[in-house]
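**Q** Handing you a structure now.
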Amino acid sequence: MRGLICGPKVAACGMVLSAWGVIMLAMLGILFSTHSAVLFEDVPVTEDDLKDTDPPHRIYALYNKVGYNCFIAAGIYVLFGLFSCCQMKLNKRKEYLVH
């Protein structure tokens, strides 16, 4: 079968993992974009950022950058989920073919 790369179990696993990845990364992206104080340890803050004359704006920019990266990663997981869904459909089609 043309385009068939993985089996049905791997494709199903890929769909489950991509669904979880999209949910988790979208939630993290939302939390970072709203500047959640709980996630401050995950923001790449340097000493120069804290010594700046206007530190909140610089730290908020870092929060937004990390949130944007989370949304990009969630988009990649969506593409992986679509690939896994296509693989599931190709595996189902393969079951109905007569050799």
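**Q** Please get the size of the charge dipole for the chain, origin at its Cα centre, with Cβ charges of +1 on Lys and Arg and -1 on Asp and Glu, quoted in debye to the nearest 20. Could the numbers behind the result be given before it?
**A** Working: 9 positive and 8 negative charges, 223 e Å.
For the chain, the charge dipole is close to 1080 debye.
**Q** Which sequence of C13, C6 reflects their accessible areas, 1.4 Å probe, from the largest down? Show your work: numbers first, answer last.
**A** Values: C13 70, C6 30 Å².
Largest accessible area first, the residues go C13, C6.
**Q** Next up: Rounded to two decimals, what ratio of Rg to Rh does the chain give with C-alpha atoms and a Kirkwood Rh?
**A** Working: Rg = 20.2 Å, Rh = 15.9 Å.
Looking at the chain, the ratio lands at 1.27.
**Q** Need the list of lysines near K65 for cross-linking: C-alpha distance under 22 angstrom, and skip anything on the same chain fewer than eight residues off.
**A** K51
**Q** Place +1 on the Cβ of every Lys and Arg and -1 on the Cβ of every Asp and Glu in the chain, take the dipole about the Cα centre, and give the residue among L31, V45, M88 whose Cα lies farthest towards its positive end.
**A** Among L31, V45, M88, the one farthest towards the positive end of the dipole of the chain is M88.
**Q** Give me the percent of the accessible area of the range 56-99 that comes from carbon and sulfur atoms, probe 1.4 Å, all protein chains in place. It would help to have the intermediate numbers written out before the result.
**A** Details: 2250 of 3330 Å².
So the carbon and sulfur contribution to the accessible surface is 68 percent.
**Q** Hey, another quick one. Using R₀ = 30 Å, calculate the FRET efficiency as 1/(1 + (r/R₀)^6) where r is the Cβ-Cβ separation of N69 and A12; round to 0.05. The partial results should precede the final answer.
**A** On the way: r = 28 Å, r/R0 = 0.94.
Step by step, r from the Cβ atoms, then E = 0.60.
**Q** Is the range 36-86 rounded, prolate or oblate when judged by the Cα gyration tensor, a ≥ b ≥ c being the square roots of its eigenvalues, rounded requiring a/c under 1.5 and prolate requiring a/b larger than b/c? Working shown, then result.
**A** Working: a/c = 4.27, a/b = 3.66, b/c = 1.17.
Judged from the Cα gyration tensor, the range 36-86 comes out prolate (a/c at least 1.5, a/b above b/c).
The values are calculated or read from the model by the stated rules, or taken from the named source; none is laboratory data. Being a predicted model, the structure only gives us computed values, none of them experimental. Here the Cβ is made from the backbone with ideal geometry for all residues, glycine too, and neighbour counts use every protein chain on show. Just the protein is used for accessible areas: all its heavy atoms, side chains included, with ligands, DNA and RNA removed. Shrake-Rupley method; radii C 1.70, N 1.55, O 1.52, S 1.80 Å.
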